[in-house]
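Please read the structure below before turning to the comments.
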Amino acid sequence: MPEKFDVIVVGAGLSGLSAAYTMVNKGLNVIVIERGDYPGAKNVMGGVLYRQPTSEVFPEFWKEAPVERPVIEQDMWLLSDASAVKAGHRSEAWAREPYNAFTVLRGKFDAWLGQKVADAGALIVPGTTVVDLLRDGRGRVIGVRTNRPDGDLLANIVILADGAVSLLSEKIELHTRWKPNQLALAVKEILAPPGKSDERAKIIEERFGLAPGEGLTIEMYGALTKGMVGTAFLYTNKDTLSFGVGALLSDYAEFKQNPHALLQIAKQHPALAPLFAGCEVREYAAHLIPEGGYDAIPPLFADGVMVVGDAAQLCNGLHREGSNLAVTSGKLAGETAIEAHNKGDFFGKTLSAYAAKLNDTFVIKDLRKYRRASQHMEKNRQFFTSYPAMLNNMATEFFTVDSVPKREKQWKIFKMAGNKLKIAADLWGLFKVVK
Amino acid sequence: MHVVVCVKQVPDTTQVRVDPVTNTLIREGIPTVVNPFDYYALECALSIKARFGATVTLISMGPPDAVKSLKKCLAYGADRAVLLTDRAFAGSDTWATSYALSAAVRRLSQDEPVDIVICGKQTIDGDTAQTGPGIARHLGWQQVTYSTGVEHVDPDARTITAERKLERGKEIVRTTLPVVVTVVEDAPEIRYASLPGIITSLRYTPETWSVQQVDVELANLGLKGSPTKVKRIFAPPQRSGGEVVSVEKAGLVDAVKSAVDVLHTQGVL
Ligand SMILES: Cc1cc2nc3c(=O)[nH]c(=O)nc-3n(C[C@H](O)[C@H](O)[C@H](O)COP(=O)(O)OP(=O)(O)OC[C@H]3O[C@@H](n4cnc5c(N)ncnc54)[C@H](O)[C@@H]3O)c2cc1C
C-alpha cells in the first residue's frame, strides 16, 4: 500500500514551494516531488523577483536568500538594426528597504527556498518525475505515479505546480495541448566578465553605471527578435549578466529562426556588444513561458486537484511577471488545501474557493485586463518591426546637427511617420488592449 | 551478514580548476558529490543484501556537511549511516583515514559483527586507491582489490567468491571472511532508488560519531598522524598538439610515408 500524505505537490518551483510552505506551517503532511536533481535545477529564469508578493509567503526572504542585486533602474529600449531609443526609470529608493525587486538566479534561489521549505517540515523528493495522476472510479484525483520503483503515492489533494508545459493537467483533461502561440520560448545565457568575483562585480557596476551592489534591468523590443512577437532582456547579477531573447514558439517556425543563432546575433548589436566585451558564456539554457493569457487559463481545480503557477498559464508577459503570480497562486491553493483539510472534504466544490480567491487578486484581474494583448501583438507586428525602426530614424534625425533649420527638421520627422491615421489607429488599438 | 560501505563526499573534480598563479586548487563554489566509485561499492553491497541477505551500513569520514552524501546513498536501500566527524580527523592522509575508518568498523562490529567492508576503487579527489587496502591492513583482514563484483557469499563456510579486473583479463578469487573489497567502475551500475527508499532517507538522520565514540589514539589522526606530506600541488604542463598529416593535401601514400617518418625520427617505431 503506497504511503498517503495530506497533500502532494508536483514541482518545486516558486508556486509549488509557496503552496508547500503555506501548508506545512499549518501542520499538514506535505510531500513535494521535483523532476530536477534539486529545486531550481530545471529553472532558467535569471530574472526579476518581486519583493512584496514573495514576502507574503516568505517574509523578509532577501535577508537570507541568495538574491543577486536590488533593482534600482528599469530600462526599455526600442532597437533598430544599428541604433536604440532608450527610456527608463531609476530610483535610489529602490536600493533600500522595502525593496521593489531583486535580480535572482532561480537555480540558486529555488535551491535555497527548497531547503527552507524542507526545514519547515515538507519532504522534498528531488530527481523524481510524476508521470501520471492516480484517480478513483469516479475520476477524482487520489495520488500520483512517479517514474521510480514502487513509485505511487496517495494524497487527499494533489497540487499541480509542474510549470509551463504541464503534461499532467493535460492528462486529466483540464486543457488540451497548448498551441504553439500559447507559449513563448526564451533562450538565455549567463555571461561572466573576466576576473575574480569581486573584479567581475566591479566591471558590471562600471559598465552599467551602478553603485556597488545595485542592479538594473533592460527590456528590449524591435530588431533583435527579427519580426517575431517577443523581447530581449538583460539583467545584472552579482558578478554575471543574464541575457536572453524570447518569442512566441509559433513564430520561430513561421520566421524560420533558430533560437540559439538569434541570441548570438543579438549579442552583437552595437548597443549591446560593448556591455558584453570580454565576457565568457557560463551557461546556456532554454525554457518555455506561458503566453496564452486569460483565455488559456484552464479550470484551476477539480476533485482532489488544484493547478497553480505556470501550469495554469498564470503569466503576464507584457509586464515580465510570472514569479509573483506563481507565489500568489501557490499560497492561495495552499490556504484552500488547509481549509479542505480542516473540513475533511476534498471535492471540487470545496477547492473552488481557490479559484474564487484568485479571481479577487491582481493575478486574474491583470490577466483579464490584458486578455487580448498577445493576439493583438501577433496581428500587429508593426510594433516589433516598423515602429521601432521608425522611432530610431526619427531620433537620429532629431539629434543630428546638420545646419537644417529646426522647423524643416520637425517637418521631416513628421513626414517620416508616414500614415498618421494608421498610427493613431494602432495607438488606439494598443490603448484598448492595455486599458 | 553485515556489510559496511565506505562513502566519501568529494569536490566535483570535473569542476575544480588549478589557479595558474598560485598553483593551488580553486575550491571556491565547487559543489560536492558522492565519490562516483563509491556508488559501485554501494551497488555491490545492495546486491549482496538482495541475494544473500545482509544489513548494509554506510560510513563516511568528513565534515558535518557529509551527512548529505550519506542520506543520498541511504536512499538506495542501505539500513544505517554513520558519519565520523571531528576536528581531530581533519587533514588525515590515507593511512590515518583508514586507521579511523577501521576503528569505526570495529565499533560497528559491537552491534553486529562486520563481515565485509566495501570501498570504491579510489576517490576522484585523491586518486590514491590506498584507503580500502589500508582498512584491510589495520583490521588484519583479507582484501580483494579492483573487483567487478562479489559472485557468491557462503555464510556457513565463511568465504566469498569475487571477480577481479586485471590489466589483461579477469581473475576469480575465493577468500575467507572478514574481507575488504574495493570495486572498479566496470562493476554493475547503481540501481534506481525506489520512492519509499528516498522518502526513508529524507526522514533519516545519520548518526555522527566524534573521536569519543571510536577507540583511537589521537596521535594517529589528522595531520600529525599522517606520514604523507604534500610538498607542492601543480597543474601538469599543457601538452602541445600533435603533428597533423593531411591525406587530402599529400595523398594517401605520401601521407602514410611522412607519418611513418615522423614516428621513426621520434623513436616510436
Ligand atoms: C527565461 C525566463 C525569464 C523569466 N523572467 C522572469 C522575470 O524576470 N520575472 C518573473 O516574474 N518571471 C519571469 N519568468 C517566468 C517565471 O520563471 C515563471 O512564471 C515561474 O517560475 C513559474 O513558477 P512555477 O512554480 O509555476 O513553475 P517553475 O518555476 O517552472 O517550476 C516547475 C517545476 O516543476 C518541475 N516539474 C515539471 N514537471 C514535473 C513532473 N512531471 N514531475 C516532477 N516535477 C516536475 C520542474 O522541474 C520545475 O522545477 C521567466 C521565465 C523564463 C523562462
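Remark: the Cα gyration tensor places segment B:83-173 in the oblate category, a/c being 1.5 or greater and a/b not exceeding b/c. A simple spin-label model places pseudo-atoms 7 Å from Cα toward Cβ; at A:L430 and A:N258 they are separated by 3.3 nm.
Once R0 is set to 35 Å, what does the formula 1/(1 + (r/R0)^6) return for the Cβ-Cβ distance between A:R371 and A:D150, expressed as a FRET efficiency to the nearest 0.05? Kindly include the intermediate steps, with their values, before the conclusion.
Details: r = 45 Å, r/R0 = 1.29.
According to the calculation, E is roughly 0.20.
Across chain B, the longest run free of exposed loop sites, meaning trypsin sites (Lys or Arg not before Pro) lying outside DSSP classes H, G, I, E and B with no more than 16 other Cβ atoms within 10 Å, spans B:28-157. Using a cut-off of 25 Å between Cα atoms, the listed pairs A:K108/B:K72; A:K42/B:K71; A:K188/A:K365; A:K179/A:K238; A:K108/A:K365; A:K42/A:K116 include A:K188/A:K365; A:K179/A:K238; A:K108/A:K365 as exceeding that distance.
Once you average over the residues of B:195-202, how many Cβ atoms of partner chains fall within 10 Å of each Cβ? Please report the intermediate quantities before stating the final value.
Numbers: counts 16, 8, 3, 9, 7, 0, 1, 7.
For this peptide, the per-residue mean of nearby foreign Cβ atoms is 6.
Counting only aspartates and glutamates at least 8 places from A:K86 when in the same chain, those with an alpha carbon closer than 18 Å to its own are A:E73, A:D75, A:E219, A:E397. Remark: mean inter-chain Cβ contacts per residue of B:209-222 equal 0, using a 10 Å Cβ-Cβ cutoff to other protein chain atoms.
Along the axis of the charge dipole computed for segment B:1-104 (Cβ charges of +1 for Lys and Arg, -1 for Asp and Glu, origin at the Cα centre), the listed residues B:V4, B:P63, B:A50 are led at the positive end by B:A50.
Each residue of segment A:158-173 was assigned a 3J(HN,Hα) from its phi angle through the Karplus expression (A = 6.51, B = -1.76, C = 1.60, θ = phi - 60°), giving 10, 9, 8, 10, 8, x, 4, 7, 5, 5, 6, 5, 5, 4, 9, 6 Hz with x at Gly and Pro. These residues, A:L78, B:L58, A:L421, go from largest to smallest accessible area, 1.4 Å probe, as A:L421, A:L78, B:L58. The accessible surface of the protein assembly as shown, taken with every protein chain in place and a 1.4 Å probe, is 54 percent carbon and sulfur. Shown here for segment A:148-251: trypsin sites (Lys or Arg not before Pro) in loop regions (DSSP other than H, G, I, E, B) with at most 15 other Cβ atoms within 10 Å, namely A:R177, A:K196. For segment A:424-435, backbone phi angles converted through the Karplus equation (6.51, -1.76, 1.60; θ = phi - 60°) give residue-by-residue couplings of 4, 5, 5, 5, 5, x, 5, 4, 5, 5, 9, 5 Hz, Gly and Pro being listed as x.
Using Cα pairs closer than 8 Å and at least 6 residues apart in sequence, work out the relative contact order for chain A, in percent. Mind dumping the intermediate values first?
On the way: 910 pairs, mean separation 87.1, N = 435.
Reported relative contact order: 20 percent.
Placing +1 on the Cβ of every Lys and Arg and -1 on the Cβ of every Asp and Glu, with nothing else charged, gives segment B:2-220 a dipole about its Cα centre of roughly 220 debye. Scanning chain A for GluC sites (Glu not before Pro) that sit in a DSSP loop and have at most 12 other Cβ atoms within 10 Å, the longest stretch containing none of them is A:174-435. Over all other residues within a Cβ to Cβ distance under 11 Å of A:V307, the charged ones net out to -3, with Lys and Arg as +1 and Asp and Glu as -1.
Give, in nm to one decimal, the length gained when the segment between B:E171 and B:A235 is fully stretched (0.36 nm per residue of separation minus the Cα-Cα distance).
Numbers: separation 64, 0.36 × 64 = 23.04 nm, distance 3.60 nm.
Going from the current span to full extension adds 19.4 nm.
Once R0 is set to 60 Å, what does the formula 1/(1 + (r/R0)^6) return for the Cβ-Cβ distance between B:V247 and B:V21, expressed as a FRET efficiency to the nearest 0.05? So the FRET efficiency works out to roughly 0.90.
Considering only the protein assembly as shown, what is the antiparallel percent among its DSSP beta bridges, to the nearest 5? Provide the component values of the computation, followed by the final result.
Values: 72 of 121 bridges.
Expressed as a percentage, antiparallel bridges in the protein assembly as shown total about 60.
Per residue, the average separation of C-alpha pairs within less than 8 Å and at least 6 apart gives segment A:76-144 a relative contact order of 12 percent.
Springs between Cα atoms under 10 Å define the GNM used for chain A, and in it the highest mean-square fluctuation of A:A120, A:A184, A:A417 occurs at A:A417. Within segment A:303-393, report the trypsin sites (Lys or Arg not before Pro) that DSSP leaves as loop and that have at most 15 other Cβ atoms within 10 Å. Qualifying residues, ordered by number: A:R371. Bridging of B:K49 to aspartates and glutamates at a Cα separation below 19 Å is possible for A:D150, B:D38, B:D79, B:D111, B:E112, B:D115, B:E151, B:D154, B:D156, B:E163, B:E189, once same-chain residues fewer than 8 apart are set aside.
Of the chymotrypsin sites (Phe, Trp or Tyr not before Pro) in segment A:306-414, the ones in a loop by DSSP (not H, G, I, E or B) with at most 16 other beta carbons within 10 Å are A:F347. Across segment B:2-220, Cα pairs under 8 Å and at least six residues apart give a relative contact order of 26 percent. Close amide H contacts of A:S80 (hydrogens built in the peptide plane, cut-off under 5 Å, sequence separation of 5 or more or a different chain): A:V85, A:A223. Across segment A:46-59, coupling constants 3J(HN,Hα) worked out from phi with the 6.51/-1.76/1.60 Karplus curve, θ = phi - 60°, read x, x, 10, 10, 8, 5, 4, x, 5, 6, 4, 9, 10, x Hz, and Gly and Pro carry x.
Placing +1 on the Cβ of every Lys and Arg and -1 on the Cβ of every Asp and Glu, with nothing else charged, gives the protein assembly as shown a dipole about its Cα centre of roughly 1680 debye. Taking Cβ atoms as reference points and 12 Å as the exclusive limit, the residues near A:N147 contribute a net charge of 0, counting Lys and Arg as +1 and Asp and Glu as -1.
Distant-in-sequence amide contacts of A:V32, defined by a placed amide H-H separation under 5 Å and a gap of 5 or more residues or a different chain, comprise A:V9, A:L123, A:I124, A:V125.
Within straight-line reach of A:K409, meaning a Cα separation under 19 Å, sit the following lysines at least 8 residues removed in sequence or on another chain: A:K420.
For segment B:78-118, the residues whose backbone nitrogen is under 15 Å from a point 7 Å from the Cα of B:D125, taken along Cα to Cβ, are B:84-87, B:89-94, B:97-98.
Work out the charge dipole of the protein assembly as shown with +1 on the Cβ of Lys and Arg and -1 on the Cβ of Asp and Glu about the Cα centre, then indicate which of A:A266, B:T13, A:L113 is farthest towards its positive end. Most positive-ward Cα: A:A266.
Each helix, a run of at least 4 DSSP H residues, gives -39500 (n - 2.57); summed and divided by the residues of chain A, these come to -10500 deg cm²/dmol at 222 nm.
Here r is the Cβ-Cβ distance between B:S210 and A:E206 and R0 is 41 Å; the resulting FRET efficiency, rounded to 0.05, is 0.25.
So how much slack lies between A:N380 and A:M416, counting 0.36 nm per residue of separation and subtracting their Cα-Cα distance, in nm?
Values: separation 36, 0.36 × 36 = 12.96 nm, distance 1.94 nm.
Stretched fully, the A:N380-A:M416 segment lengthens by 11.0 nm.
Within 14 Å, Cβ to Cβ, of A:A184, how many net charges do the neighbouring residues add up to if Lys/Arg are +1 and Asp/Glu are -1? Net charge around A:A184: -4.
The values are calculated or read from the model by the stated rules, or taken from the named source; none is laboratory data. Since the structure is predicted, the reported quantities are computational estimates derived from the model, not experimental observations. Please note: Cβ atoms are built from the backbone with ideal geometry, for glycine as well, and neighbour counts cover all protein chains shown. Please note that ligands, DNA and RNA were not included when accessible areas were found on the heavy atoms of the full protein model with its side chains. Shrake-Rupley method; radii C 1.70, N 1.55, O 1.52, S 1.80 Å.
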